[in-house]
Amino acid sequence: MEATAVTTPVKIILGSSSIARRKILAEMGYEFTVTSADIDEKCIRKEKPEELVMALAEAKSVNCMSASQANAIIDKLQADNNQEKDAEFTILIAADTVVVYEGAVREKPSSEEEARAFMKGYSGGHAATVSSVLVTNLKTGFSKVEYDRVEIYFHEIPDEVIDKLIEEGLVLRVAGGLIIEHPLIVPYVKEVVGTTDSVMGLPKALTEKLLREAL
């Protein structure tokens with residue numbers, strides 16, 4: 001279901017460099033600017049994937065890293081927000097996604113070999129994505145993070161399809177090397193229990209819910 005944009009005067013900032021997240025938020029009817037935090041995601045570890053994605057989203061919007069690491073988004077924006085007079089609120093949206101396969105968390109593949117192994121595992125099998133969304137109102141201090149989980153089932157994926165996807169390179173830049181919206185992989189997606197936008201990194205319904213709570 002398409003979300004309906006909130007009507008309160010607001011400046012929205014998407015704290016992500018993801019093209020997919022930009023596209024999804026635009027589809028929801030929002031105008032926004034983009035920034036991102038340069039954090040070392042490997043330094044943030046949690047036992048459960050749901051806890052991990054929420055911790056990663058929080059790290060992107062709150063400076064919980066050492067001084068030698070890049071400042072997170074919220075620290076870069078608070079001063080600017082204090083000077084904003086043309087918007088009633090400034091809202092920051094941060095998000096993160098991981099893939100879960102056989103109980104193990106998968107982030108972005110570290111190499112073509114790892115991406116190929118990931119995709120061969122999905123072939124004829126099952127994986128899940130866990131995506132978090134954190135919404136922060138920089139004026140009121142409201143901040144809330146939640147997650148959404150999607151189950152994905154695959155038919156057998158031919159080796160030549162896997163090779164083409166790896167050669168193209170996009171699978172190396174997404175969590176778990178998992179793409180379900182790509183034309184090459186669509187015929188081999190058997191069932192999606194959940195929404196494609198959540199798999200792509202920004203669940204629309206959850207984002208809309210948190211935006212309304214933030215306002």
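The values are calculated or read from the model by the stated rules, or taken from the named source; none is laboratory data. These figures come from a predicted structure and were not determined experimentally. Positions of Cβ are backbone-derived with ideal geometry, glycine not excepted, and every protein chain shown enters the neighbour counts. These area figures cover heavy atoms from the full protein model, side chains too; ligands, DNA and RNA do not enter into them. Shrake-Rupley method; radii C 1.70, N 1.55, O 1.52, S 1.80 Å.
Cross-link check: pairs 11/164; 11/190; 108/144; 48/120 evaluated at a Cα-Cα cut-off of 30 Å; pairs beyond the cut-off: 11/164; 11/190. With the highest mean first, a sort of the peptides 174-184, 136-146 on other beta-carbon atoms found within 10 angstrom per residue produces 174-184, 136-146. Subtracting the Cα-Cα distance of residue 168 and residue 27 from their residue separation scaled by 0.36 nm leaves 48.2 nm. Taking the inverse of the mean 1/r over every pair of distinct Cα atoms in the stretch 144-213 gives a Kirkwood hydrodynamic radius of 13.5 Å. The fraction of Cα-Cα pairs per 5 angstrom bin, counted from 0 for the stretch 102-154, comes to 4, 14, 20, 18, 13, 10, 8, 7, 4, 1 percent, rounded to whole percents.
Between residue 182 and residue 142, the FRET efficiency estimated from the beta carbon spacing at R0 = 41 angstrom works out to 0.65.
Among the protein heavy atoms, those of residue 163 account for about 70 Å² of accessible surface (1.4 Å probe, every chain in place). Divided by 2.2 N^0.38 Å, where N counts the residues, the Cα radius of gyration of the stretch 126-183 comes to 1.61.
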